[in-house]
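Take this structure first; my questions come after.
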Amino acid sequence: MSETIVIKLGGAEGVQFEPICKDVAALIEQGKRVVLVHGGSNEANLLGEAVGSPPKFITSPSGYTSRYTNLETMEIFCMALNGKINTFLVQALQKMGINAFGLCGLDGRLIQAKRKGAIKSIENGKIRLIRDDYTGKIDNINTDILNTLLDMNYVPVVAPIAISHESDALNVDADRAAAMIAAALQADQLLLLTAVPGIMKNFPDPSSLIEKVAYVEIENVLNLVEGRMKKKVLGAQEALDGGVGQVIIADGSTLDAPVINAIAGHGTSFTK
Ligand code: ADP
């Protein structure tokens, strides 16, 4: 079967849609099966601020930062991701002659997740329990939908909003969603495109870019990186565990062939 590539575009400022879409067109031309997953954190933050509901972030006792998502934040999140980013990413692809098909994890139960009961947050050194949070851990990807679309030559463009077992919309991490989708499809490659050239040993010194990470080194890298980069490293590990051939964290902000360069290995490459 032809090669399958899952590409996750970061939600950080600076990630450029047009050059990415241009490269996707070239991959489709080569007969590759491509699925796009996008973030939207920056857009959701801007929209939240505009409507008087600025984002709140929580830090778990183990040091992971995530967006606090109550029902109001979930609405903003859906408007930004499923409303704006997904629509305009599909538009950008359509303008390049690619028949893109936008959907989120609720559609056909594409991304199913278990809602977290209560989550722990560290505030001023104390643990607080948060119960009205609509976030979840992905436990199933409906590959039938993606394979049907791919078989019909559509390019699926996925907004990382999941559906809970109770059928509520849940906020899930886009990098982890892309990793689960890549694993479910047994993709050859997962590209995590962000606004930095890859993982740097001495962030933000670009000359300290780590080019290759072997599976056994992942724990060390996890200790080295901060903030949301941790989720990408965890995503890379999950994808490799799930049978994905290679994961590359690469620069999605360059105007010059971001996807083609990432596939060629420019960035931080993880293999098993
Ligand atoms: P996106 O929105 O594209 O998913 P994030 O902003 O969530 O990306 O994560 C990427 C960010 O991780 C980088 O922009 C950088 O600020 C941060 N980061 C933390 N540690 C490192 C590191 N060691 N090397 C590279 N980036 C790092």
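The values are calculated or read from the model by the stated rules, or taken from the named source; none is laboratory data. Keep in mind that what you see is a predicted model, and the values were worked out from it rather than measured. In this analysis, Cβ positions are derived from the backbone assuming ideal geometry, glycine residues included, and neighbour counts consider all displayed protein chains.
Working carefully through the options S2, S66, find the one that is at pLDDT below 95, polar (S, T, N, Q) and within 16 Å of the ligand (Cβ to nearest atom). Please lay out each step first, then the result.
On the way: S2 fails: within 16 Å of the ligand (Cβ to nearest atom).
Of S2, S66, the one residue that is at pLDDT below 95, polar (S, T, N, Q) and within 16 Å of the ligand (Cβ to nearest atom) is S66.
So, restricting to strands (runs of 3 or more DSSP E) that lie completely within the stretch 1-62, which ones have at least 3 residues that are closer than 16 Å to A257 by Cα and touching a helix residue (DSSP H, G or I) at 6+ places or on another chain (Cβ under 7 Å)?
Filter on the stretch 1-62 gives 4-9.
Now a separate question. Take the stretch 110-126 and flag every residue that is in contact with a Lys or Arg (Cβ under 9 Å, 6 or more places away or on another chain), more than 15 Å from S66 (Cα to Cα) and assigned to a strand (DSSP E or B). Before you say what the answer is, go through the steps one by one.
From the stretch 110-126, those in contact with a Lys or Arg (Cβ under 9 Å, 6 or more places away or on another chain) are 113-122; that's our starting set.
Okay, now just the ones that are also more than 15 Å from S66 (Cα to Cα), so 113-114, 117.
Answer for the stretch 110-126, where residues must be in contact with a Lys or Arg (Cβ under 9 Å, 6 or more places away or on another chain), more than 15 Å from S66 (Cα to Cα) and assigned to a strand (DSSP E or B): A113, K114.
Looking at the structure I just gave you, is G243 modelled with pLDDT of 95 or more, surrounded by 23 or more Cβ atoms within 10 Å (Cβ to Cβ) and either within 15 Å of the ligand (Cβ to nearest atom) or not in a strand (DSSP E or B) (or both)? Give the derivation first.
Numbers: modelled with pLDDT of 95 or more: yes; surrounded by 23 or more Cβ atoms within 10 Å (Cβ to Cβ): no; either within 15 Å of the ligand (Cβ to nearest atom) or not in a strand (DSSP E or B) (or both): yes.
So G243 does not fit the description; no.
For M152, all conditions in the list (1) surrounded by fewer than 14 Cβ atoms within 10 Å (Cβ to Cβ); (2) of a type in the set (A, V, I, L, M); (3) touching a Cys at 6+ places or on another chain (Cβ under 6 Å) hold save one; what is the number of the exception?
Exception for M152: condition (3).
Hey, another quick one. Please find, within the stretch 47-67, the residue that is farthest from the chain's Cα centre (by Cα) out of those that are touching a residue at least 24 places away in the same chain (Cβ under 8 Å) and farther than 22 Å from G198 by Cα.
Out of the qualifying residues, it is V51.
Something else about it: For the stretch 186-196, name all the residues that are more than 8 Å from the ligand (Cβ to nearest atom) and either in contact with a Pro (Cβ under 9 Å, 6 or more places away or on another chain) or within 21 Å of I20 (Cα to Cα) (or both). Even if it seems obvious, please write down each step before you answer.
Taking the stretch 186-196 as the starting set, the residues that turn out to be more than 8 Å from the ligand (Cβ to nearest atom) are 186-191.
Correct list: A187, D188, Q189, L190, L191.
Quick one: how many residues across the stretch 209-229 are within 8 Å of the ligand (Cβ to nearest atom) and part of a helix (DSSP H, G or I)?
2
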